[in-house]
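Below is one structure; the comments refer to it alone.
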Amino acid sequence: MAAKDVKLMKGNEVIAHAAIRYGCDGYFGYPITPQSEVMETLMELRPWETTGMVVLQAESELSSINMVYGGAATGKRVMTSSSSPGVSLMCEGLSYLAACELPCLVVNCQRGGPGLGTIQPSQGDYYQACKGGGHGDYHLIVLAPSSVQEMYDFVGLGFDLAFKYRTPSMILADGAIGQMMEKVVLSEQRPRLSDEEIAERYGSWATCGKGKRKERNVATSLFMDSAELEEVNLRLQAKYRKIEAAEPRWEQIECEDAEYIIVAYGSSARICSATVEMARAEGIKLGLLRPITLYPFPSKAIAALAERGVKGFLTAELNAGQMVDDVRLAVNGAAPVEYYGRMGGILFNSDEVLEVLKSKLIK
Amino acid sequence: MKETIIIAGFGGQGVLSMGKILAYSGVMQDFEVSWMPSYGPEMRGGTANVTVILSDRKISSPIANEYDTAIVLNQQSLDKFEPLIKTGGVLIYDTNGVVNPPTRTDIEVYSIDAASECALTGQSKMFNTMILGGYLKLRPIVEMSNVMEGLKKSLPERAWAYLPQNEAAIIRGGELIRKVR
C-alpha cells in the first residue's frame, strides 16, 4: 500500500479528501453542523497550493449554490455541502442547475427537521432530495452512503454520474455518517482537467469560450415559448428514463432465502444490518435491501423479491415514513409493506426494529 | 473478537481522543473499527461520549444498544451507562468523578485514581491515556506497539514530543487500576 493507505477518518473529513483526489475544481460552502468539518478539512489541506482547487466560504447557502451554478456552467467540477436547513436554501439553485443540465455535486449531511430542528442525525430530507425540493419536473441523482468509505467513493461516483448525464448529483448522508470515524482507503490523485481538456470534452455545452465553433453556448432555464420549454422538459424526462434504466444501485444482505425484508438506507441500514444478524440468530429468515441510489430507486430489485414470495417488507427510516412510498409502489400490493421510524434526531436500535418487525409482520 | 466500548465523561476530559487513540490502535492491529461520538451541545461543558467498536469481522452497526466495557469519568455517565453494560462486562470508573459507586453485581467493576495521580505529578494532559492504560491492562486486545502507533497517528505532529510521557502514563494506568469487585 504505497500510495494507498488505510486512514481513520470522519465521514465529513473524507468528503474533503475525496474532493481533492477526484480532481474537483472548486468547493463553495457555508458552515452548518453537522457537516462543518468538510470545509474545515479543505481549509486545512489547502488544495489551492497543490491541485489548484478553489475553496471558498460564501456569505450564504444561496451564494454557495449559485457559485456552483456558475462554475458548473463553465464545465468545471464543482461542489458544495450543507445540512438540511442549508440545503433548503439551495433548492432554487438546484432546480436551475437541473434545468440547465449542468453537472455538480451537493452533499447533504442531514439533521433533524423541520425548520431549524436539531443537529442530530435524521433522514427527513428524502422527499426533498428524491422528489424535488426545488420547483418543476426535475430529479437529482441521489447516492446514500452507509459507511465512511462510501462517503469517499461516492464523491467520485457522484461527479462521474453528474457529468455522464449532465445533471446535479447529491450525496444524501446524515449526521451519524458525517461524524463517525471508520477505516478508509484513499484513491490515487486524479488530475484536474486543464481548460483545453474541458473545452475538448464539454465544449458542446460548457460556456468555456466560443473558440472556433459557430454558435456560442448559453446556459439558461428561461424559455418564454411554451413549446420550446415542453421540448426541454421532454428531453429531461427522456434522460431521467435512461438514468432509471441504467443506474439503480443497491446491496442485498441475506436476501437469498429471506421471508421478510427490511428496506433501509444510510445509517439506518447499518443499524438494520445488526437487526438481520439478531433475527437470523433467532431463526427468522430476515434480509436487508439497502438502496444505494435513492434516485433512481431500485424498484425492480424490490419487485423481484416481492414476486419471489417475500411475506412482508419493513421500511425503517429516520423520518415519518417517506421512502416507504417508493417501496409500496415497487411492491405494488404483492405483500404487506410496513414502516418504522424515529424522528427529531433520535436513532432507533437494532432490537427495537426487530420487535417492530415481529409485531407488525410476523405476529 | 468483537469489543464494544463506551467512553463517557465531561467535555474536555479527553473522552473523544481516548476513543480515537483506541480506534487507531485497532487499525494498526488490522481490526475493523468504528468511532461514533456524541456531538454538538453535549460537548460544550456537558457530557461527552464515544462508542468504539473493535472487531475481527465487518462491523454491522456502529451504534450499540449494550456494551462489553464502559469507561465512565463522571457520575452522570455512570448513571447513564451502568445499566447498558452486558452481563459479565466491565465497568471502569475514575474515583474522583464518582460519588455514588456502581451497584451492579453481574459485571466486573474496576476503579482507577487517575485524576489524583495526574494532579500529583502535574500532568493533567495525561489523564485520558492513563485511563486507557488501565483499560488495556484488563483487556490487552491491542499490542503496546500498535497502541503507540495509534497514539502517534491520533496526535498532530506538534504533539509527538509528548509520546514518551503518554507511554509512561499508559503503563502507570495499568499499575493504578484496582478491582472493586
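Derivation of every value follows stated rules applied to the coordinates shown; laboratory data play no part. Since the model is a prediction, treat every value here as computed from it, not as a measurement. Positions of Cβ are backbone-derived with ideal geometry, glycine not excepted, and every protein chain shown enters the neighbour counts.
Please give the FRET efficiency for B:T103 paired with B:L138, using the beta carbon to beta carbon distance and R0 = 22 Å, rounded to the nearest 0.05.
Values: r = 20 Å, r/R0 = 0.92.
For R0 = 22 Å, the calculated efficiency reads 0.65.
Output the antiparallel fraction of DSSP beta bridges having both residues in the range B:2-179, as a percent to the nearest 5. All intermediate terms of the calculation are to be shown ahead of the outcome.
Details: 17 of 31 bridges.
Roughly 55 percent of the DSSP beta bridges within the range B:2-179 come out antiparallel.
Is it possible to state the helix-based mean residue ellipticity at 222 nm for chain B, with each DSSP H run of 4+ residues giving -39500 (n - 2.57), the sum divided by total residues, to the nearest 500 deg cm²/dmol? What is it?
Numbers: 6 runs with 66 residues, N = 181.
Mean residue ellipticity, 222 nm, calculated: -11000 deg cm²/dmol.
Based on the mean of other beta carbon atoms within 10 Å per residue, what is the order of A:186-198, A:341-353, most packed first?
Result, highest mean Cβ count within 10 Å first: A:341-353, A:186-198.
About its Cα centre, what dipole magnitude does chain B give when the only charges are +1 on Lys and Arg Cβ and -1 on Asp and Glu Cβ, stated in debye to the nearest 20?
On the way: 18 positive and 19 negative charges, 28 e Å.
Dipole magnitude for chain B comes out near 140 debye.
Scaled to the compact-protein estimate 2.2 N^0.38 Å, what is the alpha-carbon radius of gyration of chain A, rounded to two decimal places?
Numbers: Rg = 20.8 Å, N = 363, 2.2 N^0.38 = 20.7 Å.
Relative to the rule-of-thumb radius for its length, chain A sits at 1.01.
How many partner chain Cβ atoms sit within 10 Å of a residue's Cβ in peptide A:6-17, on average, as a whole number? The partial results should precede the final answer.
On the way: counts 3, 3, 13, 1, 3, 0, 0, 0, 0, 0, 0, 0.
Per residue, the number of nearby Cβ atoms from other chains is 2 on average.
Can you give the mean number of other chain Cβ atoms that lie within 10 Å of the Cβ atoms in peptide B:24-32? Provide the component values of the computation, followed by the final result.
Numbers: counts 4, 1, 2, 6, 2, 0, 2, 1, 2.
Mean partner-chain Cβ count within 10 Å for B:24-32: 2.
When only Cα pairs under 8 Å and 6 or more residues apart are kept, what is the percent relative contact order across the range A:273-363?
Working: 99 pairs, mean separation 26.9, N = 91.
For the range A:273-363, the relative contact order is 30 percent.
If you add up the charges near A:K131, with Lys and Arg at +1 and Asp and Glu at -1, over every other residue whose beta carbon is less than 13 angstrom from its beta carbon, what do you get?
Details: positive: none; negative: A:D125, A:D137, A:D325, A:D326.
With Lys, Arg at +1 and Asp, Glu at -1, the net is -4.
Take B:E66 and A:K300, extend 7 Å from each Cα along the Cα→Cβ direction, and tell me the distance between the two endpoints in nm.
4.4
Taking every alpha carbon pair in the range A:249-317, what does the distance histogram look like in 10 angstrom bins from 0, in percent?
23, 58, 18, 1
Restricting to the protein assembly as shown, compute how many DSSP beta bridges are antiparallel as a %, nearest 5.
Working: 31 of 78 bridges.
Expressed as a percentage, antiparallel bridges in the protein assembly as shown total about 40.
Enter the mean number of other protein chain beta carbons within 10 Å of the beta carbon of each residue in A:181-188, as an integer.
On the way: counts 14, 10, 10, 0, 0, 0, 0, 0.
Mean inter-chain Cβ contacts per residue within 10 Å come to 4.
Strictly over 31 Å apart at the Cα level, which of A:K7/A:K360; A:K131/A:K363; A:K300/A:K360; A:K76/A:K212; A:K363/B:K80 would you flag in this model?
Values: A:K7/A:K360 42 Å; A:K131/A:K363 34 Å; A:K300/A:K360 24 Å; A:K76/A:K212 20 Å; A:K363/B:K80 33 Å.
Pairs exceeding the cut-off: A:K7/A:K360; A:K131/A:K363; A:K363/B:K80.
Which whole-number percentage describes the relative contact order of chain B, with Cα contacts under 8 Å and a sequence gap of 6 or more?
Details: 376 pairs, mean separation 43.4, N = 181.
Taking the mean separation of contacting Cα pairs over the length of chain B, I get 24 percent.
Highest mean first, how do A:33-42, B:72-81 rank when packing is the count of other Cβ atoms within 10 Å averaged over residues? Write out the running numbers ahead of the final one.
Details: A:33-42: 22.7, B:72-81: 20.7.
Highest to lowest by the protection proxy: A:33-42, B:72-81.
Starting from the Cα of B:A161, step 7 Å toward the Cβ, then list every residue of the range B:103-121 with an amide N under 15 Å from that point.
Within reach of a label on B:A161, which here means backbone N under 15 Å from a point 7 Å along Cα→Cβ, the range B:103-121 contributes nothing.
With +1 on each Lys and Arg Cβ and -1 on each Asp and Glu Cβ, and nothing else charged, work out how big the dipole of the protein assembly as shown is about its Cα centre, in Debye to the nearest 20. All intermediate terms of the calculation are to be shown ahead of the outcome.
Working: 55 positive and 64 negative charges, 76 e Å.
In total the dipole reaches around 360 debye.
Express as a percent, rounded to the nearest 5, the fraction of DSSP beta bridges in the range A:6-185 (both residues included) that run antiparallel.
Numbers: 6 of 26 bridges.
Rounded to the nearest five, the antiparallel share is 25 percent.
Hey, with R₀ at 22 Å, roughly what FRET efficiency would B:K152 and B:S124 work out to, going by the Cβ-Cβ distance, to 0.05?
Working: r = 21 Å, r/R0 = 0.96.
Working from the Cβ atoms, E equals 0.55.
With a Cα-only, solvent-free Debye model of the range A:131-216, what are the log10 I(q)/I(0) values at q = 0.12, 0.13, 0.21 Å⁻¹?
-0.54, -0.62, -1.06
What's the magnitude of the charge dipole for the range A:6-185 around its Cα centre, counting Lys and Arg as +1 and Asp and Glu as -1 at the beta-carbon? Answer in Debye, nearest 20.
Numbers: 11 positive and 17 negative charges, 51 e Å.
The dipole magnitude comes to about 240 debye.
Enter the per residue convex hull volume of the range A:195-352, computed from alpha-carbon coordinates, in Å³ rounded to the nearest integer.
Working: hull volume 29.2 nm³, N = 158.
Expressed per residue, the convex hull around the Cα atoms of the range A:195-352 is 185 Å³.
Peptides B:96-106, A:164-174: what's the order by average Cβ count within 10 Å, highest mean first?
Result, highest mean first: A:164-174, B:96-106.
List the extent of the Cα atoms of the range B:53-123 along each of their three principal axes, largest first, rounded to whole Å.
Principal extents (Cα only, largest first): 42, 27, 19 Å.
Quick check of the Kirkwood formula: for the range B:46-165, what is the inverse mean of 1/r over all pairs of different Cα atoms, in Å? Could you put the intermediate results ahead of the total?
Working: mean 1/r = 0.0631 Å⁻¹.
Final number for the Kirkwood radius of the range B:46-165 is 15.8 Å.
If I take R0 = 45 Å and measure r between the Cβ atoms of A:K363 and B:D30 in this structure, what FRET efficiency does the formula 1/(1 + (r/R0)^6) give, to the nearest 0.05?
FRET efficiency, A:K363 to B:D30: 0.55.
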